[in-house]
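Input: a single structure, listed below in structure tokens.
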Amino acid sequence: MRVLIADDDIVTRRLLEATLKSWGYGVSAASDGDEALRILEEWPRPEMALLDCQMPGKDGPEVCRSVRATPQALPVYIILLTTLGGSQNIVLGLQAGADDYITKPFNREELHARLEVGRRIVELQLSLASRVKQLEDVLAHVKQLQGLVPICSYCKKIRNDKDFWQEVETYVTEHSEAKFSHGICPTCFEKVMKVERSNFPS
């Protein structure tokens, strides 16, 4: 799983890069908000992002708002890095679209725990997206017969939606993915054989 680290402070950025790589994460880096947004708009993009709240160009919350403004099937999990205390600043960051936050200087164990929470959520989203894609593929290839089917009591033809009467196999073929193979049942076989025998002189 790849994480974008966006921080204009080179020391913090390098420390975060080394730390995340030691935990097994792939890492991309940006030194300002504009570069961070460009990376997050590329494909394939990082699944997670650590964004400093105060950067040149777009700041962390502005990057969040820009990313969230575009609907995404798999949204990036964003953690804001902030030196600003107070619940009001945290609320503003979360309202901008961040999923979590951590204060600087960060605690190594806390950062690891918050990244692991993000990783689990991203993996769950990926799993759900895969299941949805499978269901969409199935629905795209399956037609179902539903509701009451009007059928003639005598000839067994079926009335379609346009009020025309069709043979059963024609109707079923048009309304499902079923295919027919033709044979003869024992009862009909006996009837056919009796007719054919009766046509031969004794």
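Here are a few things to note about the model shown:
- FRET efficiency for the D137 to H182 pair, using the beta carbon distance and R₀ = 30 Å, is estimated at 0.45.
- Taking trypsin sites (Lys or Arg not before Pro) across the range 3-40, none is in a DSSP loop with at most 11 further Cβ atoms lying within 10 angstrom of its Cβ.
- Those GluC sites (Glu not before Pro) in the range 42-149 that DSSP places in a loop and that have at most 13 other beta carbons within 10 Å: E42
- Lys, Arg +1 and Asp, Glu -1 on Cβ, resulting dipole of the range 2-140 about Cα centre, debye, nearest 20: 280 debye
- Based on C-alpha pairs under 8 angstrom that are at least 6 apart in sequence, the range 2-140 has a relative contact order of 19 percent.
- Span from the the range 1-52 Cα centroid across to the the range 57-83 one, whole angstrom: 13 Å
- Candidates G118, G33, G24: whichever shows maximal mean-square fluctuation once the chain is modelled as a Gaussian network with Cα springs under 10 Å: G24
- Candidates F164, L81, L128 compared by Cα position along the dipole of the chain: farthest toward the positive end lies F164, with charges placed on Cβ.
- Prolate/oblate/rounded call for the range 67-117, Cα gyration tensor, a/c under 1.5 rounded: oblate
- In the range 1-90, chymotrypsin sites (Phe, Trp or Tyr not before Pro) in a DSSP loop with at most 16 other beta-carbon atoms within 10 Å: W23
- Max mean-square fluctuation residue, GNM over the chain, Cα-Cα springs under 10 Å, options K162, K104, K58: K162
None of the figures in this text is laboratory data; all of them are computed from the coordinates on show. These numbers were taken from a predicted model, which means no experiment stands behind them. Cβ atoms come from the backbone with ideal geometry, glycine included; neighbour counts cover every protein chain shown.
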